[in-house]
Amino acid sequence: MLKPFVRNIFLILLACLLSFLAGKDINWDLINYHLYLPHAWTFDTLHTDFMGAGPNSYFNPIGYLPFYWMVKADWHSLVIGSVLAAIHGLNLVLLWEISERVMFSTHPQKKVLAAFSALLGVGTPVFFGTVGGTFLEPTLTVLVLGAVLLLAVSLDGSAREQKALFQVLAAGLLLGLATAFKLTNIIFAAAAGVCLVFFVFTRRVPLSRVIVFGTALLTGYLIANGWWAYQLYREFGNPFFPFFNEIFQSPDFSTAKLDHDRFKPLGFRDVITLPFRMAQFHSWIYVENNAPDLRPAVLTIFGLVLLGITFFRRGFAYQTTRGSERAPIQFLWGFFGLSICAWLWTTGNGRYAFPILLLVGPLLVLVVTESVRRIRPIVFILAAVALAQAFHVWNAGNPRWYYAAAWTSQWFAPTIPKKLSEQPFAYVSLGFHESNSFVAPFLPPGSTFLSLTGATYAFRPDGPGSRRIREYLEASPEKLRLLVKSDPKSSEIGPSRIKAWDQSLAPWNLVTIPSDCVLMDIDFGEAIQDGPTTTSKAKPKAIRLVSCAITQGPGEDAETRETRARLTKVFDTIESHCPILFSPRGWHLTKRFRSWHRVYLQSDIIVTARGDRLSLSKHEFGPFNVDMGSIAEWEQGTASFECKRLDKPW
């Protein structure tokens, strides 16, 4: 029998091993804001930068500080990844504890079942994709699962009320901290709170526990995020800037509701089929990458079997379990179910369902155990599910979000040209996919960042945020430099690229100086092959950035201004015709050569005007190039485009 300390060390080392095998995580969020946020906080750039990493620039930065400090200290990337993985490995420890202390506390084989709970819990590809990486979700899930364990134990009826109150207090603090570091965790705080209130009315749990929980939850949130929310409110008039701006009406960002429906179910059919769709080898089902997961489907099937069996047994517990001992298990089921509902209602993004996906493991063990009862067939079924899931995940390829790189001496190895390393500049970033602000920690202190365009927005000279942008551009005009991504395989900057950049800068009366361009290479090591079934092209081992000096220019010519004015009216008409697809409204029209574009955050749609036709594409996951009719038809009000949510390509 393993002692708890040895067992816990083994589970943490298992997480470190999984991180090592998966490779160094190079994800989109890291390239955009995981490094920028703690750097900006360290050097207090809230008043000097604007949208340095896009809308994500204003998340609470504290959770990203440990990774930032380790990168700045030049730790070996494997050491950094192992430290992060060790923290993430605490989730396995908590899954074991939840299983052994709550679900199977009276079962003679509780340690065997707890081992399967931890194994199947960590079997989610979402864990494989993030363990040892820079995403906050696996770290904050430690707080969420810790709170779930404390609340469940507090309901077992065997502890004194004073101890139970302390457990509820600690759980509230943990959930408050988790919500403060990332607001998406509010669904778990709400689910836990609703469950606790339910037990007040059904199990005669003292109301004082709800009061203590709510007070602790608010206290934890204010401790970790109150100071940051106050700074955002003082600077922008919105403590959640730029989110919830439909409420706070800050003039520095769109006041449209930011309600991303990328993974939201389109109807009841989507909800009931989701556990089975999650098992498919397809990206963009519940996360951006290919992350097939058999466990939800198996849990659903065995759950239905158990309901049938329970109908005849007329009880949902072991025969030796008393009513007071069922409360912790009922709490877990209630928390799980409410969390799923809140998750699907808010985002449906699998990365924000991290605690739910981990709890699938122990709950799956529970329903199998309740359905079968005999330990040998239980072990056989659980082992078969674990092996099938392992084979399924293996065949999906490397689970990292963007791609994985080999472990190198540094997470990033930047090559900064002398011109940029000797003095700070004011960088203006243009980029559809990345803000390029991850380079900030490698540039001299005092360097500032402005992102004019990004994956989901493009500021217009006469729209929200324009005042701050002009203040930034006018503060140090002699130090303005463009910051854009370039082809890592080419060191030449062709005239066509210069023209494209100038088209984006022209509305702000800026132009590049082609004779003053330098390259920056940020190396992160050779890409690891994705897996046995991958057919993707090899990924580059470095990101190449171009920085050119920019200065005052003549702006757009008369013909371009006339075309922009005409198309702006057309795009505004499209948005009024179909707000469920085209929101937020009124962003800047971006010109690229002969095409004009607007991007819509809520639906990931890009609308393009090319020639005399309009078309839309779903960003990265289709459908692509859906014809919307001619520009003239929209001007005349005769367009036949049907306003409805687009079918998903799976």
Point to revise | Residue count for region 593-650, restricted to those that are in contact with a strand residue (DSSP E or B) (Cβ under 9 Å, 6 or more places away or on another chain), closer than 27 Å to GLN280 by Cα, in a loop (DSSP other than H, G, I, E, B) and among the hydrophobic types (A, V, I, L, M, F, W, C) | key: 3
Exercise for review: Output the residue which, of all residues in region 289-313 that are polar (S, T, N, Q) and part of a loop (DSSP other than H, G, I, E, B), is least open to solvent (accessible area, probe 1.4 Å).
Suggested key: ASN289
Review point. Out of (1) over 30 Å from SER603 (Cβ atoms); (2) surrounded by fewer than 20 Cβ atoms within 10 Å (Cβ to Cβ); (3) more than 24 Å from the chain's Cα centre (by Cα), what's the single condition that is false for GLY237?
Key: (1)
**Study point:** Filter result (part of a helix (DSSP H, G or I), closer than 18 Å to PHE181 by Cβ and in contact (Cβ under 8 Å) with a residue 60 or more places away in the chain) within region 225-250
**Key:** ASN225, TRP228, GLN231, LEU232
Practice item. Among the residues of region 104-127, write down those that are open to solvent by less than 10 Å² (accessible area, probe 1.4 Å) and either of a type in the set (A, V, I, L, M) or more than 23 Å from the chain's Cα centre (by Cα) (or both). Key: PHE104, LEU113, ALA114, SER117, ALA118, LEU120, VAL122, VAL126
Exercise for review: Mind counting the residues in region 36-65 that are under 20 Å from THR139 (Cβ atoms) and at pLDDT below 95?
Suggested key: 2
Practice item. Output the residues belonging to region 108-150 that are of a type in the set (S, T, N, Q), closer than 21 Å to ALA396 by Cα and part of a helix (DSSP H, G or I). Key: THR130
Exercise for review: Please name all residue pairs, on different chains or six or more residues apart, with Cβ atoms under 7 Å, provided the first residue is in region 265-286 and is modelled with pLDDT under 95 and the second residue is open to solvent by 70 Å² or more (accessible area, probe 1.4 Å).
Suggested key: LEU266/ARG645
Check your understanding: What number goes with the only condition from (1) at pLDDT below 95; (2) open to solvent by 10 Å² or more (accessible area, probe 1.4 Å) that LEU143 does not pass?
Key -> (1)
Exercise for review: Could you list all residues from region 611-638 that are surrounded by 15 or more Cβ atoms within 10 Å (Cβ to Cβ) and out of contact with any Asp or Glu (no Cβ under 7 Å at 6 or more places or on another chain)?
Suggested key: LEU614, LEU616, SER617, PHE621, GLY622, VAL626, MET628, GLY629, GLU633, TRP634
Review point. Does SER105 satisfy the condition of being among the polar types (S, T, N, Q) and part of a loop (DSSP other than H, G, I, E, B)?
Key: yes
Review point. How many residues does region 589-599 hold that are crowded, with 22+ Cβ neighbours inside 10 Å and over 22 Å from GLU633 (Cα atoms)?
Key: 0
Check your understanding: Which of (1) within 20 Å of PHE593 (Cα to Cα); (2) assigned to a strand (DSSP E or B); (3) open to solvent by less than 30 Å² (accessible area, probe 1.4 Å) is the odd one out, the single condition ILE522 does not satisfy?
Key -> (1)
Check your understanding: GLN389 passes all but one of (1) at negative phi; (2) surrounded by fewer than 16 Cβ atoms within 10 Å (Cβ to Cβ); which number fails?
Key -> (2)
Revision key, fill the gap. Those residues of region 1-48 that are outside any helix (DSSP H, G or I) and open to solvent by 10 Å² or more (accessible area, probe 1.4 Å) come to a total of 9
Check your understanding: Does ALA85 satisfy being open to solvent by less than 10 Å² (accessible area, probe 1.4 Å), in a helix (DSSP H, G or I) and either closer than 30 Å to PRO414 by Cβ or at pLDDT 95 or above (or both)?
Key -> yes
Exercise for review: Determine whether region 456-472 contains at least one residue that is under 30 Å from SER82 (Cα atoms), assigned to a loop (DSSP other than H, G, I, E, B) and in contact (Cβ under 8 Å) with a residue 40 or more places away in the chain.
Suggested key: no
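The values are calculated or read from the model by the stated rules, or taken from the named source; none is laboratory data. Given the structure is predicted, the values throughout are model-derived calculations rather than measurements. Cβ sites come from the backbone with ideal geometry, for glycine too, and all protein chains shown count toward neighbours. Ligands, DNA and RNA are stripped out before the accessible areas are found, and what is left, the full protein with its side chains, is counted by its heavy atoms. Shrake-Rupley method; radii C 1.70, N 1.55, O 1.52, S 1.80 Å.
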